[in-house]
Amino acid sequence: MGEKKKKKKKSQLPFRLNILFIFVFVLFSLLILQLGVVQILNGEEAQKQIDKTENTQATISVPRGLMYDRYGTLILDNVPQRSIVYTPPKNGDSVLKRLEIAEKLAEFIMMEEKMDDLEKLVRERDKKEYWYLFNATEAAARLTEEEKDLDNGGQYQAMLDKIKPNDYNEFNWEDPKLLNIVAIKKELDAAYQLSPHTIKNENVTELEYALVSEHLYELPGIDALPDWNRVSKVGNTLSTFIGNITSSDQGIPRDKSDYYLTRGYSRNDRVGISGLEEEYESVLRGQKEVVEYTTDNNGNIVGSETIIEGKSGNDLVLTVDIKLQQEIDKIVQEELESFISQNPSENKHMEDALVVMMDPQTGDVLSLSGAHYDREDNEYVDQSYRTIIDAHLPGSTIKGATVLAGLDSGVVRPGEEIYDTPIKIAGTREKSSWRNMGYVNDLEAIEKSSNVYMFNVAIRLATATYRYEEPLYNFDWDSFQVLRNYYNQFGLGVETGIDLPYEATGLVGDPGPRGQGLLLNLAIGQYDTYTTLQLAQYVSTIANEGYRVRPHLVKEIRQSNAKDSLGPVLESFDTDVLNRVVMDDSYIDRVQEGFKRVVSSGTASGHWRDNKYKVAAKTGTAQNIFYDNGKEIYTYNLALVGYAPYDEPEVAFAIMIPRAGTGNDQNGIHHAIGNRIINKYFQLKEERQQTGITENLNEEVADQENQEG
Amino acid sequence: MESKNKTANIDYTLILIIILLGIISVFSIYTIQDFLLLPNYYIKQIVWYIAGAITIGVIMLVDYDRLRQVSWVFYSIGMIMLIMLHFHFPPGIAKEVNGAWGWFEFPVLGTLQPAEFMKVFLVIALAHLIVIHNEKFKEHTNKSDCWLLAKILLVALPPMGLIALQPDLGGFLVLSAITVCMILVSGIRWRIIFSLVGLALVALMSILMLYIYFPEAVDTFIEDNEFGHVESRFTSWLNPEAHNQGGAYQLIRVMRAIGSGQLSGKGVGGFEVSHIPERHTDMIFTSIAEQFGFIGSSILITLFFLLIYRLIHIGLQSNDPFGSYIVTGIIGMFTYQIFQNIGMSIGLLPITGLPLPFISYGGSSTLTYMIAIGIVLNIHYRTKVYMFDS
């Protein structure tokens, strides 16, 4: 009985094992079969896939172009810099991976040398995050039920909030090594997938750079790259006009990314974002070298070909004479300082002095200076950008344009005399010249700065009838536009066209229904406002026989030279005439004559008596009323425009000192600056003639001509 | 009435097969040295084999029948380790690798993967359980079979659950394969086995239907738990080219490497595909297939087949049910791992983290397989041959 059962039981075990065996056999056959499909049927295709090579293009940055002054003095240089960069892979590295990289990298670089600086880099949050890395479970356990329902970010924040100092102080935060690791990890955390992030680029020592370079294979995503920094050779001088570029971390400005990307930039390229750096970006950037690498399926490079030869950015030669610029900067600041300190109460609102000097014939900007007095900090700072940004009432300086408007429109004839006596239009205050001059013609009106002459020009332009204490009858409102059109021809109220990304054009007043009298104010520079640069262009136009030239800061584009010298000229910016004032030459001659008389016998004669250079000029004093804490404050804008020498003008200037002197409209700061800058200009010119430095930078060409001669 | 046949007791064929597999293992690991982060993996593997051989020697000393007395002790040790791992205890020693809490890392000594040892412990425990049951219930009835099935599941499910939660899908599936094989030979009647298979098929089909018709619902269910990666592996296996990132990226590279080996391979060191993860462990078959082609791989698979054949032979020869059951469990373990590991490399199955027995580098796993072989050799060594039992 028992034996029989045992037999039955015994007989089924082998049977079932055999079934298992058959099953195993089937499975193994399946394996061989599929292996046959993969290796024999599809083997060739797999091999083809492997042999397929891929072409990838890599771009290599080139140095940005430099800037020189008109005499070839280096103004803006590139200084090489070493940087350690981290590029996370697609979808980023995990936190632990980043910690691992940070720990490894910390063996080679120190984020800061000093303990104090290192401590500043690591904030409390960083310490919490570090603790969290090792205690994620515990941190998660501290969450309340509600907090567990938060999204990942909310949960993480809640967990960090619950980490207390006695938690993270488990680690020794006095240990510079730990601080260094955490500081590096922080930088790694900030990086975005596939875009390079600078971990350290200041003070990377040669040793650090070499160590990292040697251990790149242990540091996935880390790279040691050469970089460069823009360094001005002239300190703060002209810095706002030279402009700035982005760092490689900032890359191309986000709001203009499409613009740059379509022009072959990559996201972390450094681009000019202000001043000449922005204006001449396409010149300065150069041509990145594009190399096509052929890689096999494993990413091994099997060949390379240069598709586009790299070219360094081209250099700019500026029109500015840096020596003159520096001297003018000094003069402007010194005079501002001296006038303020001599009479602090009278000059308590004076804080700016602006000067523009340019070549009236070519438009070469020779210097742009602006000194600003910061009353709060009691210091003088260079704010030369105000010459193109700030617009002020110009006062009588624009009377040259008003006279020309009168002459050209025929409302006054050359030599015609107008009786200078106070004018009163009903409902407005009496308007007069600074003294009653009796009969004045066009020349005398400029020489003595007659307001009434200008008022009459304005009234006649408006075809209005004037009677004392009565409204202007038959006033033609278009006259505002007519007069402004004349001014525009001189650059007043329109863009000067300077090669900078931004310039102001000043305020254009809206006279309203009862503002007839404002036309009279407009005619004497008491209504619309203009920048100092506009005034310089205006006076240049008069000096240049009515040709309005575009002021420009860049004289030439030159190919960069490997040596520290200028390469051949690629493009030269010659005189660019924007327009010719549409009026008779003889009228312009009259105004030039008037400007000459201003200096010799007119309003400026007292200040210019000792000046030996042939200067023609026009003064301007504008009432500048502003409100300070509800109190009306009366100040004067002191302006001076002019050029020299008057027979063959080579330098034109405009000086503007807004809010000068309370109660005294003639403290003379503009004349003091004017005298000194003209003297300095000619003095430097004479020095250069003696030392043989010429403006012509093509010395080789010049030499050849001499030999031929 | 009975006498031993002394000469046939040590299975030299099995030993020869293991030695050949060992040589292939060390050689394969040696050829891929350049791709690995640390040097000398192949030397370490030799050390593991030697340690394994010594372990086999020790196992041979004691009659395997003694295992019945300690089967629950082993099982308990395995369970305690898994429970400790589940609670990440002791901190600092319990370790997470690739997202799974499956390791103990002892200072100096190295790492230990309890799930590997649990495979053998489960085999022994189940074999013991089935033997006791069958001794008690001589006759198989529906009731006794259900009772046996319940007991088997009661023992098998806890370690399976803990391993699945680590999460270690591969380990879970190996334990499942062991359990299924042992249920098959336990004597449970066919009608129950068939109804079990039917039930499993229905469950599988309904999950598949659910996935096909309501993928979002399944996604949201799966997303938040440990099994999220199972789904992504499954989808990338179904359509690797469409998921040319992450898991599918691996599979494409692996299949290119294997496929390009073609009939006869590229020869020693002829590697053309880089970035293959776990090259020395789970993906070791790739390097064999690429270097030695279809012929080399087929030889390896045949060798594995001979191994299983030999194990079945020993199981059949053994006239002690305890021995047969153990051998069956071990067959289940090896068969599944071999099929899964090679199958996933050639796109037959989704990718799951599992080593290729005897070939992949790994201390815990190699040692476990050697212990298993030691037990099998022991069973064979002590098989009584009845002269008159034909």
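The values are calculated or read from the model by the stated rules, or taken from the named source; none is laboratory data. Everything quoted here is computed from the prediction, not taken from an experiment. Glycine gets a Cβ as well: all are built from the backbone with ideal geometry, and neighbour counts include every protein chain shown. When the accessible area is computed, the model is the full protein with side chains, heavy atoms only, and any ligands, DNA or RNA have been set aside. Shrake-Rupley method; radii C 1.70, N 1.55, O 1.52, S 1.80 Å.
Suppose the chain between A:Glu545 and A:Gln689 were pulled fully straight at 0.36 nm per residue; how much longer would it get relative to their current alpha carbon spacing?
Here the answer is 49.1 nm.
Rounded to the nearest Å, what's the spacing between the alpha carbon centres of region A:323-359 and region A:213-259? Just the number, please.
35
Can you compute the charge dipole magnitude of the protein assembly as shown about its Cα centre, using +1 on each Lys and Arg Cβ and -1 on each Asp and Glu Cβ, nothing else charged? Give it in debye, rounded to the nearest 20.
The dipole magnitude comes to about 7000 debye.
Rounding to the nearest 20 debye, state how big the charge dipole of region A:324-691 is about its Cα centre with +1 on each Lys and Arg Cβ and -1 on each Asp and Glu Cβ.
With Lys and Arg at +1 and Asp and Glu at -1, about 740 debye.
Choose one of A:Val38, A:Val85, A:Ser61: the residue whose Cα lies farthest towards the positive end of the charge dipole of region A:10-148 (beta-carbon charges +1 Lys, Arg; -1 Asp, Glu; about the Cα centre).
A:Val38
Give me the percent of the accessible area of chain B that comes from carbon and sulfur atoms, probe 1.4 Å, all protein chains in place. Write out the running numbers ahead of the final one.
On the way: 12400 of 17770 Å².
On chain B, the fraction of accessible area on carbon and sulfur atoms equals 70 percent.
Over chain B, what relative contact order in percent results from Cα pairs under 8 Å that are six or more residues apart?
Value for chain B: 27 percent.
For chain B, modelled as a Gaussian network with Cα springs under 10 Å, which listed residue fluctuates most, B:Ser71, B:Ser25, B:Ser195?
Of the options given, B:Ser195 has the highest mean-square fluctuation.
What does the C-alpha gyration tensor say about the overall shape of region A:353-409? Classify as rounded when a/c is under 1.5, otherwise prolate if a/b is larger than b/c, or oblate.
Cα axes put region A:353-409 in the oblate bin.
Evaluate Rg over Rh across region A:536-676, taking Cα atoms for both radii and Kirkwood's formula for Rh.
Checking Rg against Rh, the ratio lands at 1.11.
Does chain B come out rounded, prolate or oblate, given a ≥ b ≥ c as the square roots of the eigenvalues of its C-alpha gyration tensor, rounded meaning a/c under 1.5 and, failing that, prolate meaning a/b above b/c?
Since a/c reaches 1.5 but b/c is at least a/b, the shape of chain B is classed as oblate.
Tell me the chymotrypsin sites (Phe, Trp or Tyr not before Pro) within region A:159-212 that lie in a loop according to DSSP and have at most 11 other beta-carbon atoms within 10 Å.
Passing sites in region A:159-212 are A:Tyr192.
Work out the FRET efficiency for A:Asp476 and A:Gln623 from their Cβ-Cβ distance, taking R0 = 22 Å, and round it to the nearest 0.05.
Working: r = 26 Å, r/R0 = 1.20.
Efficiency computed from Cβ-Cβ geometry: 0.25.
With a cut-off of at most 16 other beta carbons within 10 Å, and DSSP calling the residue loop, which trypsin sites (Lys or Arg not before Pro) in region A:270-373 qualify? Please list them.
A:Lys348
So, in chain B, how many Lys pairs have Cα atoms under 19 Å apart, if the pair is 8 or more places apart or on different chains? Could you put the intermediate results ahead of the total?
Numbers: B:Lys4/B:Lys384; B:Lys6/B:Lys384; B:Lys119/B:Lys151; B:Lys136/B:Lys151; B:Lys138/B:Lys151; B:Lys143/B:Lys151.
Lysine pair count for chain B: 6.
What is the calculated FRET efficiency for A:Gln250 to A:Asp510, with r their C-beta to C-beta distance and R₀ = 60 Å, to the nearest 0.05? If you can, show how the numbers build up before the last one.
Working: r = 41 Å, r/R0 = 0.68.
Efficiency for this residue pair is about 0.90.
Using modelled amide H (1.01 Å from N, peptide plane; none on Pro or chain starts), what sits under 5 Å from the amide H of A:His552, excluding residues fewer than 5 places away?
Those qualifying (amide H under 5 Å, at least 5 residues apart or on another chain) are A:Asp364, A:Val365.
Let's test the formula: R0 of 35 Å, r as the Cβ-Cβ distance of B:Ser176 and A:Lys162. What FRET efficiency results, to the nearest 0.05?
In this case the efficiency is close to 0.30.
HN-Hα J couplings of region A:586-602 from phi, Karplus 6.51/-1.76/1.60, θ = phi - 60°, integer Hz, Gly and Pro as x?
With coefficients 6.51, -1.76 and 1.60, one gets 5, 5, 4, 4, 4, 5, 4, 4, x, 5, 4, 5, 3, 7, 6, 9, x Hz.
Just from its helices, what would the mean residue ellipticity at 222 nm be for chain A, if runs of 4 or more DSSP H residues each count -39500 (n - 2.57) and the sum is divided by every residue, rounded to the nearest 500 deg cm²/dmol?
So the calculated ellipticity at 222 nm is -11500 deg cm²/dmol.
Which entries of A:Lys323/A:Lys680; A:Lys448/A:Lys631; A:Lys104/A:Lys177; A:Lys120/A:Lys177; A:Lys200/A:Lys256 show an alpha-carbon separation above 22 angstrom in the structure shown?
Details: A:Lys323/A:Lys680 10 Å; A:Lys448/A:Lys631 33 Å; A:Lys104/A:Lys177 11 Å; A:Lys120/A:Lys177 14 Å; A:Lys200/A:Lys256 27 Å.
Too far apart for the 22 Å limit: A:Lys448/A:Lys631; A:Lys200/A:Lys256.
Just going by the charge dipole of chain A, with Lys and Arg at +1 and Asp and Glu at -1 on Cβ, which of A:Pro226, A:Leu354, A:Met111 is farthest out on the positive end?
The Cα lying farthest towards the positive end belongs to A:Met111.
Just need the relative contact order of chain A here, percent rounded to a whole number, with Cα pairs under 8 Å and 6+ apart. All intermediate terms of the calculation are to be shown ahead of the outcome.
Numbers: 1365 pairs, mean separation 97.1, N = 709.
Over chain A, the number comes to 14 percent.
As an exercise, identify the trypsin sites (Lys or Arg not before Pro) in region B:110-158 lying in DSSP coil whose Cβ has no more than 15 other Cβ atoms within 10 Å.
The qualifying sites are B:Lys138.
Using a 10 angstrom cutoff on alpha carbons, build the Gaussian network for chain B and name the most mobile of B:Val70, B:Val120, B:Val202.
B:Val202
Report the one residue of B:His128, A:Ala543, B:Leu20 whose Cα lies farthest in the direction of the positive end of the charge dipole of the protein assembly as shown (charges on C-beta: Lys and Arg +1, Asp and Glu -1; origin at the Cα centre).
Most positive-ward Cα: B:His128.
For region A:90-114 and region B:48-96, compute the distance between their C-alpha centroids and round to whole Å.
39
Across region A:640-651, in residue order, what do the Karplus-derived ³J(HN,Hα) couplings come to in whole Hz, using 6.51 cos²θ - 1.76 cosθ + 1.60 with θ = phi - 60° and x for Gly and Pro?
Per residue, the Karplus-derived 3J(HN,Hα) values read 8, 10, x, 7, 7, x, 5, 7, 9, x, 10, 9 Hz.
Given the -39500 (n - 2.57) contribution per DSSP H run of 4+ residues, what per-residue ellipticity at 222 nm results for chain B, rounded to the nearest 500 deg cm²/dmol?
After summing the helix terms and dividing by residue count, I get -23000 deg cm²/dmol.
Check which residues have an amide H placed less than 5 Å from A:Leu570's amide H, if you skip close sequence neighbours.
Amide H neighbours of A:Leu570, under 5 Å, 5+ apart: A:Ile557, A:Arg558, A:Gln559.
Taking amide hydrogens as modeled 1.01 Å from N in the peptide plane, which residues meet the under 5 Å criterion relative to A:Lys233, leaving out close sequence neighbours?
Distant-sequence amide H within range of A:Lys233: A:Leu76, A:Asp77.
Might you report the magnitude of the Cβ-based charge dipole of region A:567-663 about its Cα centre, with Lys and Arg at +1 and Asp and Glu at -1, to the nearest 20 debye?
On the way: 10 positive and 13 negative charges, 122 e Å.
Using Cβ point charges on Lys, Arg, Asp and Glu, region A:567-663 gives about 580 debye.
Among the DSSP beta bridges whose two residues both lie in region A:324-691, what percent are antiparallel, rounded to the nearest 5?
On the way: 50 of 52 bridges.
The antiparallel fraction comes to roughly 95 percent.
Debye calculation, C-alpha points only, no solvent: report log10 I(q)/I(0) for region A:194-250 at q = 0.14, 0.28 Å⁻¹, in the same order as the q values.
Calculated log10 I(q)/I(0) at the listed q: -0.55, -1.24.
Could you tell me which of rounded, prolate or oblate describes region B:290-355, using a ≥ b ≥ c as the square roots of the eigenvalues of the alpha-carbon gyration tensor, with rounded for a/c under 1.5 and, failing that, prolate when a/b is larger than b/c and oblate otherwise?
Taking the square roots of the gyration eigenvalues as a ≥ b ≥ c, region B:290-355 is oblate.
Can you tell me what percent of all Cα-Cα pairs in the protein assembly as shown are more than 60 Å apart?
So the pairs more than 60 Å apart make up 42 percent of the total in the protein assembly as shown.
Along the three principal axes, how long is region A:324-691 when you take its alpha carbons, biggest first, rounded to the nearest angstrom?
That works out to 74, 48, 39 Å along the principal axes.
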